[in-house]
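Down below is the structure, laid out as structure tokens.
The values are calculated or read from the model by the stated rules, or taken from the named source; none is laboratory data. Note that this is a predicted model, so its numbers are computed, not measured. Note that each Cβ is placed from the backbone with ideal geometry, even for glycine, and that neighbours are counted across all protein chains shown.
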Amino acid sequence: MSISIQVLGSLLVLISFIALQARRMQPDSRVYLLLNVIGSGELVVSALWDRQWGFLALELVWTSVSAFSLCRTWTGRDAGVLDSK
């Protein structure tokens, strides 16, 4: 798999993480979540292509959680996994 896909995916995830730590983004913002979905999604493809199963598992979970949270922001529901009652 192309190294450029791995580098781009990693950069997107790291940029969102650095912005979060610098308090430039909120963890439930659509931009933050979208950067994570795209970046980790690219890393899923790369890990699958290269048969790196441990890395694939990590990135599948990362992508899934980010995508789930992003979908919840679009439906107007709280981005948290558990609803408070």
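Computed values, structure above
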{"item": "Those residues of the range 11-28 which are crowded, with 17+ Cβ neighbours inside 10 Å and either over 24 Å from residue 77 (Cβ atoms) or out of contact with any helix residue (DSSP H, G or I) (no Cβ under 7 Å at 6 or more places or on another chain) (or both), in sequence order", "result": "12, 13"}
{"item": "The range 1-10 - residue that is over 19 Å from residue 67 (Cβ atoms) and surrounded by fewer than 16 Cβ atoms within 10 Å (Cβ to Cβ) and, of those, modelled with the lowest pLDDT", "result": "1"}
{"item": "Where a residue in the range 5-30 is within 17 Å of residue 62 (Cβ to Cβ) and its partner, wherever it lies, is among the aromatic types (Phe, Trp, Tyr) and at pLDDT 95 or above, with Cβ under 8 Å and at least six apart", "result": "13/62; 16/32; 19/32; 20/32; 25/32"}
{"item": "Residues of the range 29-44 that turn out to be surrounded by fewer than 16 Cβ atoms within 10 Å (Cβ to Cβ) and hydrophobic (A, V, I, L, M, F, W, C), as a count", "result": "1"}
{"item": "Meets criteria (within 17 Å of residue 8 (Cα to Cα) and either of a type in the set (A, V, I, L, M) or not in a helix (DSSP H, G or I) (or both)) for residue 35", "result": "yes"}
{"item": "Residue check, residue 57 over 26 Å from residue 75 (Cα atoms) and without any contact (Cβ under 8 Å) to a residue 12 or more places away in the chain", "result": "yes"}
